Amino acid sequence: MKKLKAFTLVELLVVVAIIAILATIVVVNYSGIQSRAKKSATVETLNNLGTAVMVCNVGSTLVTPSAGGDICTDATLTDAKWPTSLTINGYNITLPTVTGGALATAPSISGTPSISCTLSSGSYHCQ
């Protein structure tokens, strides 16, 4: 009589366990990549706004921030506007304050992973 060669139940369970562990590692790394990408996109958006603020400081007056409002009074910078939504990629944004036509505080951001913005030379930088 011929003996059949087959995998045992234990061997099959070991393979399934290894695949489950590898799948878990991939899912955990993927979710970390997503949160870093959201943070990076938010930082880039805020830094672009900071650049617009710096340009406005050169030849114009900053306007008190409001959602969707102009950043400055310069007619050539009509596209320079604050975000219409104060939530960007899941981060809650508090717009910076303007006193006397100049930036007084940097925006504050709440969310995970954290983003901090610092005020310097009439503009701000986020990281």
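Structure notes:
- For the stretch 1-40, filtered to residues that are assigned to a helix (DSSP H, G or I) and of a type in the set (Gly, Ala, Ser), the residue that is farthest from residue 114 (Cα to Cα) is 17.
Here's the yes/no breakdown for (1) of a type outside the set (Lys, Arg); (2) within 13 Å of residue 53 (Cα to Cα); (3) within 13 Å of the chain's Cα centre (by Cα); (4) at pLDDT below 80:
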site	(1), (2), (3), (4)
76	yes, no, no, yes
81	no, yes, no, yes
87	yes, no, yes, no
95	yes, yes, no, no
127	yes, no, yes, no
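- Any hit, the stretch 48-57, residues being under 28 Å from residue 114 (Cα atoms), modelled with pLDDT of 85 or more and among the hydroxyl-bearing types (Ser, Thr, Tyr): no
- Subset of the stretch 106-127 [in a strand (DSSP E or B), of a type in the set (Ser, Thr, Tyr) and either within 12 Å of residue 90 (Cα to Cα) or touching a helix residue (DSSP H, G or I) at 6+ places or on another chain (Cβ under 8 Å) (or both)]: 110, 123, 124
- Restricted to the stretch 95-123, and to residues there that are within 17 Å of residue 39 (Cβ to Cβ) and among the hydroxyl-bearing types (Ser, Thr, Tyr), the residue that is surrounded by the most Cβ atoms within 10 Å (Cβ to Cβ) is 108.
- Residue 64 meets the conditions (1) in contact with a strand residue (DSSP E or B) (Cβ under 9 Å, 6 or more places away or on another chain); (2) assigned to a loop (DSSP other than H, G, I, E, B); (3) hydroxyl-bearing (Ser, Thr, Tyr); (4) at pLDDT 75 or above in every case but one. The failed one is (4).
The values are calculated or read from the model by the stated rules, or taken from the named source; none is laboratory data. Every value quoted in this text rests on a predicted model; they were computed, and no experiment measured them. Positions of Cβ are generated from backbone atoms using ideal geometry, with glycine treated the same way; all protein chains shown enter the neighbour counts.
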